Amino acid sequence: MYLTYFKGQWAEGNVALFGAMDHSVWLGSSVFDGARAVRGHLPDLQLHLERVIVSADRLGLRCPLTAAEMAALVREGVARFPADAELYVRPLVFGAEGFLIPEPGHSGFALTLFDAPLPSFAGFSACLSEFRRPDASMAPTDAKASALYANSTRALREAKARGFDNPVMLDGEGRVAEFASSNLFLVTPGGAVVTPVPNGTFLAGITRARVIGLLAEAGVQVEQRAVAPAELETAVEIFNTGNYGKVMPCVRYEQRTLAVGPVATLARDRYFAFMEGQ
Ligand code: PMP
């Protein structure tokens, strides 16, 4: 089921949100976030709602609701689904008025919830993409802006056409940035757990930060540093973190098969324990 809150009402289905004169439609002033409601648990919901407010601000929009108001709506929406539902929770802020520049006071807001069962821990395949992440001088990488996803979608389409699930995207200088819409971790042959250091080219996700903290509590330190693409070819584990799948192992990188390893399994187990505690 799809359920959307828009202009004071809840409605099911693919609710129409935009008008022909909306700035967002023509010129891309739209930001969103993705949170989860998993069997009634709302992991890091507050952080996701705070992030959409910041993202809106970065594009000259103004989120018309506070994080507390959005959280109340999320809870209202979740209550309309069965208690065991696994949902995606997507707040959207968009430029509803404005010719060349959005008018902040006319930012539209919608909240959509839909069924999206957590993927199994079986893992995904990945390949190196031709398409790169822009840096902050080229695109609003400090916002979770819909416009950025046109490029990630090109990378995803390219990966699918090659028979892979997920592209690894580099930054402009050729360092590993992230997957199309999740963060990347790897374990080196020497056993170091590594993730790219935030450099303004990729979204340093909420799940990424949570997993780094949970691994530290379990005694596993994650090194944040520049990662060369060649390291993917020798890594003993590669996994991702993100709101959609939480922690998922990469079981094939290009032509090489990888096992579901102990670090990804630990991260996943710790994340689920954390989530179920919220
Ligand atoms: N990078 C991109 C481009 C994303 O879209 C997402 C999903 N929001 C992530 C990383 C992971 O971020 P988070 O853990 O906050 O969901």
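Quick notes on this structure:
- Test: residue in segment 181-202 that is surrounded by fewer than 20 Cβ atoms within 10 Å (Cβ to Cβ), modelled with pLDDT of 95 or more, more than 21 Å from P134 (Cα to Cα) and within 15 Å of the ligand (Cβ to nearest atom): no
- For segment 7-33, filtered to residues that are closer than 19 Å to F114 by Cα and touching a Gly at 6+ places or on another chain (Cβ under 8 Å), the residue that is farthest from the ligand (Cβ to nearest atom) is W10.
- Among residues that are within 22 Å of the chain's Cα centre (by Cα), surrounded by 14 or more Cβ atoms within 10 Å (Cβ to Cβ) and either over 17 Å from V74 (Cβ atoms) or without any contact (Cβ under 8 Å) to a residue 60 or more places away in the chain (or both), R58 is included.
- Among residues of segment 206-231, those that are within 16 Å of the ligand (Cβ to nearest atom) and either free of Cβ contacts under 8 Å to residues at least 40 places away in the same chain or of a type in the set (K, R) (or both), counted: 7
- In this entry, D142 passes the filter for residues that are touching a residue at least 60 places away in the same chain (Cβ under 8 Å), among the acidic types (D, E), surrounded by 14 or more Cβ atoms within 10 Å (Cβ to Cβ) and within 14 Å of the ligand (Cβ to nearest atom).
The values are calculated or read from the model by the stated rules, or taken from the named source; none is laboratory data. Small disclaimer: the values here were computed from a predicted structure and weren't measured. For neighbour counting, all protein chains shown are included, and Cβ atoms are generated from backbone atoms with ideal geometry for every residue, glycine included.
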